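Here the structure is laid out as structure tokens; the discussion comes afterwards.
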Amino acid sequence: MPSKKINISEMWKKFTQSQLIIPITALVVLVIFNLIRDPSFFSIVIKKNNLGNTVLAGNLVSILNGASELVILAIGMTFVTSATRGQDISVGASAAIAGSIFVKILRANTITVPVILLALLCACLVAIVFCLFNGLLIAKFNIQPMIASLILFTAGRPIAYWINGGATPNVESNLLGALGGFIPGIPIPSPILIVIIFIVLVKLLLKFTNLGLYIQSVGINEKAARLNGINPVAMKMIVFIILGVCVTLAGSINVCRIGLINHETILIDIEMDAILAVAIGGNSLGGGKFKLSGSIIGAYIIQALTITLYAMKVSSTAVKAYKAIVIIAIVVLGSPVVKEFIGSLKNKIFAKRALAAVEAK
């Protein structure tokens, strides 16, 4: 029995010291709040959609589905933040460019599975080139990441507009509808499945290679990493290649979801949410060590908060203000200053308990 208490104590200590304590606590609070406010908030129903397919529906499905693009971009932003000690604020613009290439190729051909794959490949190559432009400015010219990506942040959406000849073309296809909505016979939205596959692939990449270790090493101490045989420039360029894949997936999913490309509105302001997801996940915006699961949880927290506010009949105009207040609170609670204060407070409490136990003996 005593050993069991020790194990529980050790587990609790590890949890309180983990960087996941803030995102997990925030998620639990959000869940409890919604269960108290409306017990049916997380209920899932089975119904027929407009195409007659049996699908799952409900707020929980909406959260998981709606956060798909944000989760993918948060993963890419985590790598960039870790390696460069800064953030890329042009991911939304890059996604617009990738989405425009995707649409342009689809409209030039009969839409089939091979054509969709070709369009994805071309969009990915173009997105990687633009992301590598940012990477080059950061890795070779030592320009601060936010300043370097400001160029593409400003010019990216006009470039996307130019790619499609100054238009906002639509694409209609059952195949695209399936990728952005539901595959017949599968009740789970396709974007959720795409995200799961992508997360698994990224996890496998980190597990069977030293990429994660190298990225963190460069972010923690670039000079020390170089002395240990790690090429900081190469690592930074690699994270921007990964970011190029992420923005392509996010942009393409959004195109499939709505059936058109609008350079002005596609994934608007998502770069800020991606940065916040990284921060809420307990990752330092100053680079170094990262926890990918934290960023993923952070992305779902942001989407859950959005859905919660809409369920409370908060107007779309006011949603951003409410989100900002809650997110500021989460980020402040996860700050080093607050963590240090909580740690010292916890040590004082444990010290008093230990003293009381000694006196009792």
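The values are calculated or read from the model by the stated rules, or taken from the named source; none is laboratory data. Note that this is a predicted model, so its numbers are computed, not measured. Cβ sites come from the backbone with ideal geometry, for glycine too, and all protein chains shown count toward neighbours. Ligands, DNA and RNA are stripped out before the accessible areas are found, and what is left, the full protein with its side chains, is counted by its heavy atoms. Shrake-Rupley method; radii C 1.70, N 1.55, O 1.52, S 1.80 Å.
Points to keep in mind about this one:
- Matching residues in segment 65-103 - criterion: being under 24 Å from Pro158 (Cα atoms) and polar (S, T, N, Q): Gln87, Ser90, Ser94, Ser100
- Residue satisfying all of: in segment 273-303; of a type in the set (S, T, N, Q) and farther than 21 Å from Pro191 by Cα; surrounded by the most Cβ atoms within 10 Å (Cβ to Cβ) among these: Asn283
- Of the criteria (1) surrounded by fewer than 17 Cβ atoms within 10 Å (Cβ to Cβ); (2) closer than 18 Å to Gly86 by Cα; (3) among the aliphatic types (A, V, I, L, M); (4) free of Cβ contacts under 8 Å to residues at least 24 places away in the same chain, which one Ile196 fails: (2)
- Odd one out for Gly52 among (1) over 16 Å from Gln303 (Cα atoms); (2) open to solvent by less than 50 Å² (accessible area, probe 1.4 Å); (3) modelled with pLDDT of 90 or more: (3)
Per-residue answers, yes or no, for (1) within 20 Å of Val80 (Cα to Cα); (2) modelled with pLDDT under 95; (3) of a type in the set (Val, Ile, Thr):
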{"position": "Ala119", "(1), (2), (3)": "no, no, no"}
{"position": "Cys124", "(1), (2), (3)": "yes, no, no"}
{"position": "Leu136", "(1), (2), (3)": "yes, no, no"}
{"position": "Tyr161", "(1), (2), (3)": "no, yes, no"}
{"position": "Gly165", "(1), (2), (3)": "no, yes, no"}
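- Residue match in segment 199-217 (condition: modelled with pLDDT of 95 or more, under 17 Å from Ile253 (Cβ atoms) and either over 22 Å from the mean Cα position of the chain (by Cα) or surrounded by fewer than 16 Cβ atoms within 10 Å (Cβ to Cβ) (or both)): yes
- So Phe102, is it of a type in the set (A, V, I, L, M, F, W, C) and closer than 25 Å to Leu175 by Cα: yes
- Among the residues of segment 242-265, those identified as assigned to a helix (DSSP H, G or I) and not aliphatic (A, V, I, L, M) are Gly244, Cys246, Thr248, Gly251, Ser252, Asn254, Cys256, Arg257.
- Lone qualifier among Ile242, Ile238, Ile270 - being under 26 Å from Ile197 (Cβ atoms), within 11 Å of the chain's Cα centre (by Cα) and either among the β-branched types (Val, Ile, Thr) or open to solvent by 50 Å² or more (accessible area, probe 1.4 Å) (or both): Ile270
- Criterion violated by Val129 - all others in (1) open to solvent by 30 Å² or more (accessible area, probe 1.4 Å); (2) without any contact (Cβ under 8 Å) to a residue 60 or more places away in the chain satisfied: (2)
- Any hit, segment 73-86, residues being open to solvent by less than 10 Å² (accessible area, probe 1.4 Å), outside any helix (DSSP H, G or I) and modelled with pLDDT under 95: yes
- Considering Ile32, Ile36, Ile46, the condition of being open to solvent by 80 Å² or more (accessible area, probe 1.4 Å), assigned to a strand (DSSP E or B) and modelled with pLDDT of 90 or more is satisfied by Ile46 alone.
- Considering segment 315-340, and only residues there that are farther than 18 Å from Gly286 by Cα and within 19 Å of the chain's Cα centre (by Cα), the residue that is most open to solvent (accessible area, probe 1.4 Å) turns out to be Lys320.
- Figure legend. Inter-residue proximity from segment 225-236: first residues part of a helix (DSSP H, G or I), second residues of a type outside the set (Ser, Thr, Tyr) and open to solvent by 20 Å² or more (accessible area, probe 1.4 Å), beta-carbon distance below 7 Å, spacing 6+ or different chains. Indicated pairs: Pro232/Glu222; Pro232/Arg226; Val233/Lys140.
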